[in-house]
Amino acid sequence: MLIGKRPDIPSSAITPKDQYLNRRRFLRGAVATGVAALGAERLAEVFSPRTGALAGTKLETVKSPLTTTGEELTSLEDITHYNNYYEFGVNKDEPAKNAGVLPTRPWTVRVEGKVKAPKTFDIEALLKLRPLEDRVYRHRCVEAWSMVIPWVGYSLSEFINQCEPLSTAKYVQFLSYYDKHVEKWASASTISWPYSEGLRMDEAMNPLALLTFGLYGEVLPNQDGAPIRIVVPWKYGFKSAKSIVAVRFLDKQPPTTWNDQAQSEYGFYSNVNPIVDHPRWSQKTERRIGKAFYAQRRTTLMFNGYGDQVASLYKGMDLKKYF
Amino acid sequence: MKRSTHLLLKTLTWIACVWPLGRLIWGAATNHLGADPTATITFATGSTTLNLLTISLALTPARRLIPELSWLVKFRRLVGLFAFFYATLHLATYVALYAGFDLHAMAADIAKRRFITMGLTAWLLLLPLAATSTTWAIRKMGGKRWNRLHKLVYLAAVCGVIHYWWQVKPGVLTPLSITITLALLLASRPVWSLWQKRLRNRNAVPTAAGG
């Protein structure tokens with residue numbers, strides 16, 4: 001048989017970030033000194049960078065007890081070239097090509113709604129609010145594929161405390177950056193932008209919910225939601241809003257993008273749940289990204305394997321009804 | 001057409017039809033099927049099926065518009081059979097890589113998921129066409145009956161496109177271009193018949209000269 005096996009790489013060796021950094025430095029140097037003897041492919045990359053200006057910048061991080069252990073990390077290449085970010089195109093390879101135009105600086109996050117007083121946070125201040133932690137999480141997409149991603153950030157609750165929400169705030173809504181002149185690919189679908197996602201307050205306050213600034217120890221590549229996003233590892237990936245510009249505290253459940261698009265397919269809760277099928281496919285199993293086609297299938301875990309930390313949030317709820 | 005030209009064109013058609021499969025095999029052998037190989041294989045076999053079906057349905061309108069191209073019809077059977085071949089690969093991908101040969105899972109999928117039901121319907125519609133593709137079958141059935149049976153290809157193509165729309169997320173418009181192409185090709189048939197009828201009528205009954 002002609003079928004090759006993807007070599008097994010120990011997770012310690014999988015991080016090609018040094019090579020990434022070196023190459024990038026090499027490219028910068030090459031352009032600066034006007035060395036023209038670059039291959040066409042590399043030149044193309046210089047003029048149409050796959051990542052934003054700051055992506056790949058090293059972040060200072062600390063260890064976290066909330067990190068997931070015992071999983072082989074998905075490669076940086078796959079995490080950054082297999083993305084759902086419809087504002088930059090509906091195909092998985094498009095965000096890596098197109099998201100370079102996202103202006104990640106200057107960047108502010110508006111806080112409004114049921115708070116003591118509306119505020120605006122600058123990205124630089126948010127980066128310094130708490131020590132940045134390395135947190136490996138499983139990432140389960142509603143489309144039944146999964147990755148293991150080493151995110152960088154701190155618990156969303158730390159940020160929410162700074163927002164000083166009122167006791168009437170029951171939900172929190174996240175709005176993503178949207179400018180139709182910048183994200184001209186967004187019209188390839190009938191979705192109404194900006195992207196909106198939301199969590200119940202107690203979900204948002206769960207320490208696993210991560211306010212995220214980086215991955216693989218570096219600033220987030222634009223296609224992964226730079227410069228600031230959330231990661232909610234026990235929910236399907238679309239709940240984790242990218243490139244957040246506004247956070248609203250509300251007394252009612254906010255409208256959310258995919259739920260608006262198809263209520264029967266994408267519930268507001270969208271907890272990873274192998275016994276509640278998507279109407280169009282089973283959620284019992286998933287395809288792990290980066291494996292050979294015959295080795296991709298694996299069992300999907302309830303709450304994506306984070307039940308110990310989050311199951312209590314849904315005590316007494318019918319998760320088939322509130323899927 | 002000269003024999004050698006025919007042979008050359010046939011070879012080129014074969015190469016073009018085998019090309020998508022060759023790319024998949026090469027990709028599997030060299031680990032270049034992308035981050036999600038299962039999805040790559042599924043999409044490649046499915047879209048090649050629809051593309052080949054579309055090409056096979058484009059041959060008749062093409063030779064009607066340009067009579068010099070009537071030799072194209074000689075390749076229709078080959079293209080059609082390749083469409084069935086890729087449809088079968090697409091189905092096999094589902095059976096092996098999605099359902100893991102689990103009959104219960106497949107039965108549940110077919111009963112519950114309309115896009116799978118529709119895809120299977122399209123494949124079942126193509127099956128008798130592939131089975132009766134031999135010259136022997138045409139002779140045995142008689143041209144008229146054979147032609148009537150092979151009109152099922154229109155229905156199969158429509159089912160294939162619906163299957164595609166039902167598979168993508170609501171609001172995603174990727175199936176639009178193949179849908180428009182197929183719609184034009186299918187619509188061209190009644191339009192052509194109507195036009196021919198009008199031409200015939202005009203020739204048969206010369207309009208009464210004014211006055």
Practice prompt. Treating cross-link reach as a plain straight distance, find the aspartates and glutamates whose alpha-carbon is under 19 Å from the alpha-carbon of residue A:119, omitting any fewer than eight places away in the same chain.
Written response: A:158, A:164, A:251
Fill in: Proximal aspartates and glutamates to residue A:315, defined as alpha-carbon separation beneath 14 angstrom and excluding residues fewer than eight positions away on the same chain
A:202, A:203
Worksheet entry | Computed helical MRE - 222 nm, the protein assembly as shown, DSSP H runs ≥ 4 contributing -39500 (n - 2.57), nearest 500 | -13500 deg cm²/dmol
Worksheet entry | Simple spin-label estimate for residue A:251 and residue B:65 in nanometres, 7 Å along Cα-Cβ | 6.3 nm
Worksheet item: Counting Lys +1, Arg +1, Asp -1, Glu -1, what net charge surrounds residue A:199 among other residues with beta carbon under 10 Å of its beta carbon?
Response: 0
Worksheet item: Roughly how many debye, to the nearest 20, is the charge dipole of the protein assembly as shown about its Cα centre, given +1 on each Lys and Arg Cβ, -1 on each Asp and Glu Cβ, and no other charges?
Response: 2940 debye
Discussion item. Taking the alpha-carbon distance from residue A:116 and a cut-off under 17 Å, which lysines remain once sequence neighbours fewer than 8 residues away in the same chain are dropped?
Written reply: A:170
Worksheet item: Leaving out ligands, DNA and RNA, what percent of the accessible area of chain B is carbon and sulfur, probe 1.4 Å?
Response: 70 percent
Item to complete: Would you mind counting up the charge near residue B:83? Only other residues with Cβ under 15 Å from its Cβ, with Lys and Arg at +1 and Asp and Glu at -1.
Response: +2
Worksheet item: If you roll a 1.4 Å probe over the heavy atoms of the protein chains, what accessible area per residue do you get for the protein assembly as shown, in Å²?
Response: 50 Å²
Worksheet entry | Rounded FRET efficiency, nearest 0.05, which uses the C-beta distance separating residue A:124 from residue B:108 and R0 of 45 Å | 0.30
Fill in: Table column - 3J(HN,Hα) (Hz), region B:163-174, Karplus curve with 6.51, -1.76, 1.60, x for Gly and Pro
4, 5, 4, 6, 7, 6, 5, x, x, 7, 10, 4
Item to complete: Compute the FRET efficiency between residue A:63 and residue A:292 as 1/(1 + (r/R0)^6), taking r as their Cβ-Cβ distance and R0 = 35 Å, and round to the nearest 0.05.
Response: 0.65
Worksheet item: How many Lys pairs in region B:3-186 lie less than 20 angstrom apart by Cα atoms, where the lysines are 8 or more positions apart or on different chains?
Response: 6
Practice prompt. Rounding to the nearest 20 debye, state how big the charge dipole of region B:3-186 is about its Cα centre with +1 on each Lys and Arg Cβ and -1 on each Asp and Glu Cβ.
Written response: 940 debye
Practice prompt. Note the direction-averaged projected area, equal to a quarter of the hull surface, for the Cα convex hull of the protein assembly as shown, in nm².
Written response: 36.1 nm²
Worksheet item: Chains A and B: buried accessible surface, both sides, probe 1.4 Å, rounded to 100 Å²?
Response: 2400 Å²
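The values are calculated or read from the model by the stated rules, or taken from the named source; none is laboratory data. Because the structure is a prediction, the values reported are computed rather than measured. Because the Cβ atoms are built from the backbone with ideal geometry, glycine has one as well, and the counts that use them run over all protein chains shown. Ligands, DNA and RNA are excluded from the accessible area calculation, which covers all protein heavy atoms including side chains. Shrake-Rupley method; radii C 1.70, N 1.55, O 1.52, S 1.80 Å.
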